[in-house]
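The values are calculated or read from the model by the stated rules, or taken from the named source; none is laboratory data. Given the structure is predicted, the values throughout are model-derived calculations rather than measurements. Note that we place each Cβ from the backbone using ideal geometry, even for glycine, and neighbour counts take in every protein chain shown.
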Number of protein chains: 4
Amino acid sequence: MIENYKFGIIGGDSRQIFCAKSMISNNQKVNMFGFDKADIKCTNTINELIETSKCIILPVPTISEDNIIYSPFSSKVIYLDEIIKLSKDKKIFYGMPSGININDDKLKNIKLYNYAQREDFSILNAIPTSEAAIQIALTERNETLYGCKCLVAGFGHIGKILARILKSMGTDVTVSARKSKDIAWINSLNYRSVYTYDIPDKQKYDIVFNTIPYLIFNKDVIVKSTHENSLVIDLASKPGGVDFSSAKELGIKTIHALALPGKYFPKTAGEIIKNVIYNILKEEENDE
Amino acid sequence: MIENYKFGIIGGDSRQIFCAKSMISNNQKVNMFGFDKADIKCTNTINELIETSKCIILPVPTISEDNIIYSPFSSKVIYLDEIIKLSKDKKIFYGMPSGININDDKLKNIKLYNYAQREDFSILNAIPTSEAAIQIALTERNETLYGCKCLVAGFGHIGKILARILKSMGTDVTVSARKSKDIAWINSLNYRSVYTYDIPDKQKYDIVFNTIPYLIFNKDVIVKSTHENSLVIDLASKPGGVDFSSAKELGIKTIHALALPGKYFPKTAGEIIKNVIYNILKEEENDE
Amino acid sequence: MIENYKFGIIGGDSRQIFCAKSMISNNQKVNMFGFDKADIKCTNTINELIETSKCIILPVPTISEDNIIYSPFSSKVIYLDEIIKLSKDKKIFYGMPSGININDDKLKNIKLYNYAQREDFSILNAIPTSEAAIQIALTERNETLYGCKCLVAGFGHIGKILARILKSMGTDVTVSARKSKDIAWINSLNYRSVYTYDIPDKQKYDIVFNTIPYLIFNKDVIVKSTHENSLVIDLASKPGGVDFSSAKELGIKTIHALALPGKYFPKTAGEIIKNVIYNILKEEENDE
Amino acid sequence: MIENYKFGIIGGDSRQIFCAKSMISNNQKVNMFGFDKADIKCTNTINELIETSKCIILPVPTISEDNIIYSPFSSKVIYLDEIIKLSKDKKIFYGMPSGININDDKLKNIKLYNYAQREDFSILNAIPTSEAAIQIALTERNETLYGCKCLVAGFGHIGKILARILKSMGTDVTVSARKSKDIAWINSLNYRSVYTYDIPDKQKYDIVFNTIPYLIFNKDVIVKSTHENSLVIDLASKPGGVDFSSAKELGIKTIHALALPGKYFPKTAGEIIKNVIYNILKEEENDE
């Protein structure tokens, strides 16, 4: 499908290693830098890697602190600035869901792509996130998912995938949303629906999966939607949608489950990075 | 849920009758005009209906020709102008997917809502449309859906619902879309995916369901995606997405299936009109 | 898979024609007799067909009256006796769900297989039967299946397949069975369950699909499990499980839907006959 | 449903405690013996418990060694003999999947029920077993289940439930069986099928779930059906269906996962014991 590119992967965790392996299995050429602690063959210098690559791939998250590439397998510090300085006429792919600030002057003649802000990245990662949420729910309880009452708060990518798996496992799934069009969708897909603002007025759930990234489950809502054996799993990025201190005070077991794809399924997460980069390249080819 | 309104239904087909029955079963007050040929009790005049109603409900489609309300069960012609003239301080609900032009001057002090252009209307109608498409596919072929290769072209509301039913019936479903994010969704939901522009380069299908409202299936695409026993069902509104004359010439059985909810499941279609009007009223209540 | 056999098909309806076509598409040699009215090339005599065939295939049902092969496309009467007399050292495949009596003396040196009494035949036909039942339910009502309350009485082959399709279309499915182990299964598969003897004590259904081949729905049970708009579809072979005269008296729309695969999906039904004959031959090969 | 019984639970692990709690929540009277180490209120003596109970419930497994009740929460040894001697005119429910030998003379006037040998027990436990298998597969791999190739060997209770969950999670599921009627079922349910003896001739799987309780996966079959990153989970009771030493030698990760309901979901497992005992009592009531 994809023509033969030369990829250079700099920094990152095991996801980038799996991304590289998957690219190699597609007969792509891949060089790596920043993986010496993982016994991966690397180029001697960043310069060498960039010179021999057409596409530079930076990790997700791209930087661990200002200007420093997130690079747990590297024995040396790698600076973002340096990469940018060397990358004239290259494509740089990086992954920062929250975006990144780079001085525009430095970016002349560089094409930058934030793969972590694309919708396909978000959709594809909803699968490992949902499977990890299932694993957490299975591990943390002494009951099956079959037969339990679950609330999925929010009907975005994760809510859609998670609700589908839960229902097929025989749980009684209610999904919340704010808009009547989403309520229509939820009903069409045979879930129970509840307007998000109505959550406290309905019923108590055995498990609450929150995917909404702002405070929904304050003390009052927790009291009304849970019982003493309920489990609350917050899948929304920080600060999440649950008042954790109230939950603790009420004795409701609550887990803030973040960055699940990389932690639970790094191989899948690495393949997603690859696929989204391929999508970007394909779209460019089609546009040209 | 909904407070007690007084609804006045003017014109339309059996969907409006089912809408009325469903409202009455919810303890709403409903007056009707324009159903004398259907043996339904009507007010004597339009004026009487409007005076005693808070919400006027016009049918879908609202007009059958310029200024004339679509009203197959009425022995008299009903004029849109007249309704508007009488409806000061009322809410008027009407259903024209393509919109309607009404002179603004006449609309002072009237609240107008086009329920047929709302997304919840479109989502909810995707269910009867999909079931009707299934019925057509079952009726027109001498084989089960189980085991057949289907293409669903387009991943909008109908595409999403239809693909789900087809897959659960054991067909081999491929769904087409243009954008990589939709392709990601299609894969996430365990269908085969194909970029719409790639349809002719892939395989031949036993059934093609088109939901895309512009020409996709020209002669070349039909030749490449169908075989002599294929069935093509075009669900897209006129002019549809299929070159019907080429299909005919090629001997491929093709059906342009339009306005299915009202034709196949008028009771459901009437209840959807009711539910969307309820949604509009609830949203207004919440906003106030 | 299957070695090269020589099949001779005598009599039957379009299912046998589709069976033949499907065998030919697998590179099998097939001769036919009894299809002159369907413009199908036949051997001149039965004798010629049998001499050149290793496996003789008789239709389902095999006989329409005593000793006379069911043969709507034949301009001549074909006698079972004659076929048997000529078939020394042949395998004869026939399809009589209720069995058939043949004088043993005549069967020396003939291997007889009743494909219609095998469980794989019954399982495979549950799919076209279920799809036909869905088609009937869609055609006979003015509402979608989505959202309606259905009872599937009986959890045999048809009950299992039909319940699965209904549920995936968004109906509220209750399945009845007599044994606690079947109730356990029904619950495991996320349907509502009811003991068959409890049907009248539970609720009213929009659609009742009966698959139990003895009287369950007597007047009392009909009264208690249906409402005036209910539809009852009896899929059980004669005399069926519904007291039709009581249903009529009560004004409940009732359909005795028999022999659906052949009527609705003859191509699929023909392919099933082929597949079951292949299964029989494979099992014999494995046993040898 | 169930009339008021007096239950006496003797010995067992946390499943019996959850069984008791669930019975109490149904307003049943329950006495317990053998749970002093778990801080559960017990009768002072076995005698006291039996005298005040109509139904005696022994655990699963019933005995840990000859004549000694499996009783991890008891500080004293409990003898099966003693229970039987005291239980004249009582019903005794016990759970030994492999059966138990009790001298008939001692059983006069006692009604004995082995709930662990009933089919409803086996069906209901297939759910927690399958969810535990899913949890193991999620935990042991660095990839999602979505998109992986799974083999479910055997189409009994566990095979049926497990295949359904796997498929709904987006895995590519193949199910094996020996009989053509099961192959027909497997195909009807939209899985890929393979005759068990054909497993080595088909493909390699990312995960193999074995449910067949005799040796299927010998060295040759393992070599042909797995690759270096495959995971083999044997769910069949000892000795299982996998040649573990060959698997080890070949470097294929293999897990013999036994007695999963009690280990992973003791609350559910306890409720299943309760439900099966209720089923037995209901069947007796109906028979009387």
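Scanning the range C:237-257 for residues that are closer than 18 Å to C:ILE158 by Cα and modelled with pLDDT of 95 or more, which turns out nearest to the other protein chains (Cβ to nearest Cβ)?
C:ALA257
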**Study point:** Selected residue (criterion: nearest to the chain's Cα centre (by Cα)) from residues of the range C:90-120 that are of a type in the set (Val, Ile, Thr) and modelled with pLDDT of 85 or more
**Key:** C:ILE92
Review point. Does at least one position in the range D:12-20 carry a residue that is under 18 Å from D:LYS90 (Cβ atoms) and over 20 Å from the mean Cα position of the chain (by Cα)?
Key: no
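Within the range A:27-44, is even one residue surrounded by fewer than 14 Cβ atoms within 10 Å (Cβ to Cβ) and closer than 30 Å to B:VAL194 by Cα?
First, the residues of the range A:27-44 that are surrounded by fewer than 14 Cβ atoms within 10 Å (Cβ to Cβ): A:27, A:37, A:39, A:41, A:44.
Subsequent filtering for residues that are closer than 30 Å to B:VAL194 by Cα retains A:27.
Yes; the residues of the range A:27-44 include at least one that is surrounded by fewer than 14 Cβ atoms within 10 Å (Cβ to Cβ) and closer than 30 Å to B:VAL194 by Cα.
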**Study point:** Check on A:LYS106, away from chain B (no Cβ under 14 Å), in a helix (DSSP H, G or I) and charged (D, E, K, R)
**Key:** yes
Exercise for review: Output the residues belonging to the range B:191-242 that are over 22 Å from B:THR129 (Cα atoms) and in contact with a Gly (Cβ under 8 Å, 6 or more places away or on another chain).
Suggested key: B:GLU228
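One residue is enough: does the range C:247-257 have a residue meeting the conditions within 30 Å of B:CYS148 (Cα to Cα), part of a loop (DSSP other than H, G, I, E, B) and touching a helix residue (DSSP H, G or I) at 6+ places or on another chain (Cβ under 9 Å)? Spell out the reasoning first.
Of the residues in the range C:247-257, the ones within 30 Å of B:CYS148 (Cα to Cα) are C:255-257.
Keeping just the survivors that are part of a loop (DSSP other than H, G, I, E, B) gives C:257.
Subsequent filtering for residues that are touching a helix residue (DSSP H, G or I) at 6+ places or on another chain (Cβ under 9 Å) retains C:257.
Yes, the range C:247-257 has at least one match.
Against the definition (touching a residue at least 24 places away in the same chain (Cβ under 8 Å), closer than 30 Å to B:GLY11 by Cα and assigned to a strand (DSSP E or B)), how does B:ILE277 come out, yes or no? Show your work before the answer.
Numbers: touching a residue at least 24 places away in the same chain (Cβ under 8 Å): yes; closer than 30 Å to B:GLY11 by Cα: yes; assigned to a strand (DSSP E or B): no.
So B:ILE277 does not fit the description; no.
With free of Cβ contacts under 8 Å to residues at least 60 places away in the same chain, of a type outside the set (Val, Ile, Thr) and either closer than 30 Å to D:SER230 by Cα or in the same structural domain as A:GLY154 (by TED's automatic domain parsing) (or both) as the only criterion, which of A:LEU235, A:LEU250 stands out?
Details: A:LEU235 fails: free of Cβ contacts under 8 Å to residues at least 60 places away in the same chain.
Step by step, each of A:LEU235, A:LEU250 is checked, and only A:LEU250 is free of Cβ contacts under 8 Å to residues at least 60 places away in the same chain, of a type outside the set (Val, Ile, Thr) and either closer than 30 Å to D:SER230 by Cα or in the same structural domain as A:GLY154 (by TED's automatic domain parsing) (or both).
Quick one: is B:PRO261 more than 17 Å from B:TYR113 (Cα to Cα) and within 14 Å of chain A (Cβ to nearest Cβ)?
Values: more than 17 Å from B:TYR113 (Cα to Cα): yes; within 14 Å of chain A (Cβ to nearest Cβ): yes.
Considered against the rule, which asks whether it is more than 17 Å from B:TYR113 (Cα to Cα) and within 14 Å of chain A (Cβ to nearest Cβ), B:PRO261 comes out as yes.
Given the options B:GLY147, B:GLY170, name the one that is within 12 Å of another protein chain (Cβ to nearest Cβ), at pLDDT 95 or above, surrounded by fewer than 21 Cβ atoms within 10 Å (Cβ to Cβ) and over 16 Å from the mean Cα position of the chain (by Cα). Lay out the reasoning, then the answer.
Details: B:GLY170 fails: surrounded by fewer than 21 Cβ atoms within 10 Å (Cβ to Cβ).
Just one listed residue meets the conditions, B:GLY147.
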Exercise for review: Inspect all residues belonging to the range A:185-194 and state whether any of them is touching a helix residue (DSSP H, G or I) at 6+ places or on another chain (Cβ under 8 Å), within 14 Å of chain D (Cβ to nearest Cβ) and not in a loop (DSSP other than H, G, I, E, B).
Suggested key: no
Point to revise | Those residues of the range B:178-213 which are of a type in the set (Gly, Ala, Ser) and in contact with a strand residue (DSSP E or B) (Cβ under 7 Å, 6 or more places away or on another chain), in sequence order | key: B:SER193
Exercise for review: Please verify whether the range D:201-219 includes one or more residues that are out of contact with any helix residue (DSSP H, G or I) (no Cβ under 9 Å at 6 or more places or on another chain) and among the polar types (S, T, N, Q).
Suggested key: yes
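If you check B:ASN210, B:ASN190, which single one turns out to be closer than 26 Å to A:GLU119 by Cα, surrounded by 20 or more Cβ atoms within 10 Å (Cβ to Cβ) and either polar (S, T, N, Q) or in contact (Cβ under 8 Å) with a residue 40 or more places away in the chain (or both)?
On the way: B:ASN190 fails: surrounded by 20 or more Cβ atoms within 10 Å (Cβ to Cβ).
The conditions single out B:ASN210.
Any residue in the range D:227-236 that is part of a loop (DSSP other than H, G, I, E, B), surrounded by 17 or more Cβ atoms within 10 Å (Cβ to Cβ) and either at pLDDT below 95 or more than 14 Å from chain A (Cβ to nearest Cβ) (or both)? Explain how you work it out, then say what you get.
In the first step, residues of the range D:227-236 are kept if they are part of a loop (DSSP other than H, G, I, E, B); the result is D:235-236.
Now drop any that are not surrounded by 17 or more Cβ atoms within 10 Å (Cβ to Cβ), which leaves D:235-236.
Checking the rest, the ones that are also either at pLDDT below 95 or more than 14 Å from chain A (Cβ to nearest Cβ) (or both) come to D:235-236.
Taking every residue of the range D:227-236 in turn, at least one turns out to be part of a loop (DSSP other than H, G, I, E, B), surrounded by 17 or more Cβ atoms within 10 Å (Cβ to Cβ) and either at pLDDT below 95 or more than 14 Å from chain A (Cβ to nearest Cβ) (or both).
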Point to revise | Filter pass, C:GLU283 being touching a Ser or Thr at 6+ places or on another chain (Cβ under 8 Å), at pLDDT 95 or above and within 14 Å of chain D (Cβ to nearest Cβ) | key: no
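Residues checked against (1) outside any helix (DSSP H, G or I); (2) touching a residue at least 12 places away in the same chain (Cβ under 8 Å); (3) acidic (Asp, Glu); (4) more than 14 Å from chain B (Cβ to nearest Cβ):
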| site | (1), (2), (3), (4) |
| --- | --- |
| C:ALA126 | no, yes, no, no |
| C:LEU138 | no, no, no, no |
| C:PHE155 | yes, yes, no, yes |
| C:ILE161 | no, yes, no, no |
| C:ARG164 | no, yes, no, no |
| C:VAL175 | yes, yes, no, yes |
Point to revise | Hits in the range A:213-226 (condition: crowded, with 23+ Cβ neighbours inside 10 Å and not in a helix (DSSP H, G or I)) | key: A:ILE216, A:PHE217, A:THR226
